[in-house]
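First comes the structure, then the notes that go with it.
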Amino acid sequence: MRTLLITGGAGFIGSHVVRLFVNKYPQYKVINLDKLTYAGNLANLKDVEDKANYKFVRMDICDFEGISKLMRDEQVDGIIHLAAESHVDRSIKDPLSFAQTNVMGTLSLLQAAKLYWNGKLKTENGERHLFYHISTDEVYGALELTHPEGVEPPFSTKASSGKHHLAYGDKFFTEELKYQPHSPYSAAKASSDHFVRAFHDTYGLPTVITNCSNNYGPYQFPEKLIPLFINNIRHRKPLPVYGKGENVRDWLYVEDHARAIDLVFHEGMIGETYNIGGFNEWKNIDLIKVLIHTVDRLLGRPEGADLDLITYVTDRAGHDLRYAIDSTKLQRELGWEPSLQFEEGIEKTARWYLENQDWLDNVTSGDYLRYYEEMYSDR
Ligand code: NAD
Ligand code: DAU
């Protein structure tokens, strides 16, 4: 029996991680700690909420006293920390709350874990203590779009793994790259990564960090590109493409990220960093066209009928041009591989949102927020 604290478990990626751990490890007690901001939604976890090894606690990660008491009361021996403000556009409007949650919240958790574990690397039962910090590839900044002379991108190239894949440039994010964040969101995430490393190097706190590329899949809040556009295509609303749609992102199906987190939690080396990504680069405008064709087909419309919804709008300030993760270290050292091809993942994702219009309507109307405010108003 061990007790695991997962922060941000009511959010997009967190809900997939909670589901995986609750179902796969009945011998673990899984505590989902979440403040339930606009992005947190307990409906994401309906299928596990009654399981005996699952518990939900509504709390802010910045509440150092509350976290410390919870760790003592529940004898927490492992933490997977996902709670964060996660949307770049919001960070441009409101950088302070990003610094508060992503930096100060992470620091509050680190300090609580340091004091409670008090230098011990293992519990009396021999389980290892671990503070696992979930981070993003955006801390590395942005890469250039390059291509060999006479060859149109994407072109076939080899990362350090030796495997061929399609890319929009000859450089990749590796674990050794220096941090160069550009947005308030990525600056706050970078800062939190630095604090995690500092707690390992200064106090010997057993930590591990992973930096992952763009995730997609069910339960993502529809302010992010893929769910926003699926919803808009369905309702024949304009699709706001930032700039010329030439930015490149590296997409990973969320359940593949959750499987990587499971692997790193159990087998990752203390003090290490691992990049997670599926070598799956897409130019935004190309991805959007695939999405339109897929959604049109699933809705029984002529494929491509909704291409005219594409609307070019003012670019995001400081918009990073290209992200491309090199996950060779994780693949080589821990044997992780992404399981889904992108077209398959996009089809699965589009189908899920179209079949779960109630979920989308709830999160876009704010009904669920009012519901949970009332439910927890006496706490
Ligand atoms: P999300 O916005 O969907 O969910 C964040 C969750 O954190 C929500 O449930 C929210 O209620 C909770 N939360 C926010 N502030 C809190 C606070 N102060 N105290 C407690 N809970 C709080 O985010 P996501 O996309 O699932 O991302 C999860 C983590 O993974 C983040 O740390 C993010 O930086 C990282 N990440 C995300 C991606 C991606 O593509 N979405 C990729 C790489 C890394
Ligand atoms: O790389 C990992 C990161 O991926 C995570 O750390 C972040 O939490 C996550 O939000 C995501 O960041 P992005 O900014 O890349 O994701 P987003 O879905 O907001 O945008 C994807 C691309 O699409 C980006 O180039 C901006 C563009 N875009 C986005 C929106 C919402 C548009 O063109 N129009 C839009 O309306």
What is the mean projected area of the alpha carbon convex hull for segment 53-108, to one decimal in square nanometres? 4.5
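Could you check how many percent of all C-alpha pairs in segment 122-265 are farther apart than 25 Å?
44
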Distance (nanometres) between label positions extended 7 Å along Cα→Cβ at ALA52 and GLN100: 4.1
With bins 5 Å wide starting at 0, give me the P(r) of segment 61-196 over every alpha carbon pair, in whole percents. 2, 9, 15, 15, 13, 13, 11, 9, 6, 4, 2, 1, 0
Bridge type composition, the chain - antiparallel percent by DSSP, nearest 5: 20
Packing rank of 368-375, 294-301, where each peptide gets the mean count of other beta carbons within 10 Å, highest leading: 294-301, 368-375
Carbon and sulfur together cover what percent of the accessible area of segment 1-63 at a 1.4 Å probe radius? 54
Give me the percent relative contact order of segment 242-342, please, defined on Cα pairs under 8 angstrom at least 6 residues apart. 47
With the full set of protein chains in place, find how many percent of the accessible area of segment 194-284 is carbon and sulfur; take the probe as 1.4 Å. 51
Taking the solvent-accessible surface of protein heavy atoms with a 1.4 Å probe, what is the per residue accessible area of the chain in Å²? 44
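Can you work out the FRET efficiency for the pair LEU121 and SER161, with r the C-beta to C-beta distance and R0 = 30 Å, to the nearest 0.05?
That gives a FRET efficiency of 0.45.
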Return the Rg/Rh ratio of segment 1-124 with Cα-based radii and a Kirkwood Rh. 0.97
Residues with beta-carbon under 9 Å from that of LYS55, excluding LYS55: net charge, scoring Lys, Arg +1 and Asp, Glu -1? 0
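Rounded to the nearest 20 debye, what is the charge dipole size of segment 235-379 about its Cα centre when +1 sits on each Lys and Arg Cβ and -1 on each Asp and Glu Cβ?
420
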Charge tally for neighbours of GLY105 with beta carbon under 14 Å away, counting Lys, Arg as +1 and Asp, Glu as -1, is -4
Surrounding net charge for HIS87, when Lys and Arg each add one and Asp and Glu each subtract one, Cβ distance under 15 Å: 0
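Over the chain, what is the mean sequence separation of C-alpha contacts under 8 Å (at least six apart), divided by residue count, expressed as relative contact order in percent? Numbers along the way, then the final one.
Working: 716 pairs, mean separation 64.9, N = 379.
Normalised by residue count, the contact order of the chain is 17 percent.
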Along the charge dipole of segment 175-331, which of ALA324, GLY204, LEU298 sits closest to the positive end, that is, farthest toward it, with unit charges on the beta carbon of Lys, Arg, Asp and Glu (+1, +1, -1, -1)? LEU298
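Once Rh is set to the Kirkwood radius over Cα pairs, what Stokes-Einstein translational diffusion coefficient, in µm²/s, holds for the chain at a temperature of 25 °C and a viscosity of 0.890 mPa s?
Numbers: Rh = 21.4 Å.
After rounding, the answer is 115 µm²/s.
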Which order do the peptides 251-263, 280-292, 302-314, 160-172 take when ranked by the mean count of other beta-carbon atoms within 10 Å per residue, highest first? 251-263, 280-292, 160-172, 302-314
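The values are calculated or read from the model by the stated rules, or taken from the named source; none is laboratory data. All values derive from a computational prediction rather than experimental measurement. Neighbour counts are summed over all protein chains in view; Cβ atoms, including those assigned to glycine, are modelled from backbone coordinates with ideal geometry. Surface areas here come from the heavy atoms of the whole protein model, side chains and all, with no ligands, DNA or RNA. Shrake-Rupley method; radii C 1.70, N 1.55, O 1.52, S 1.80 Å.
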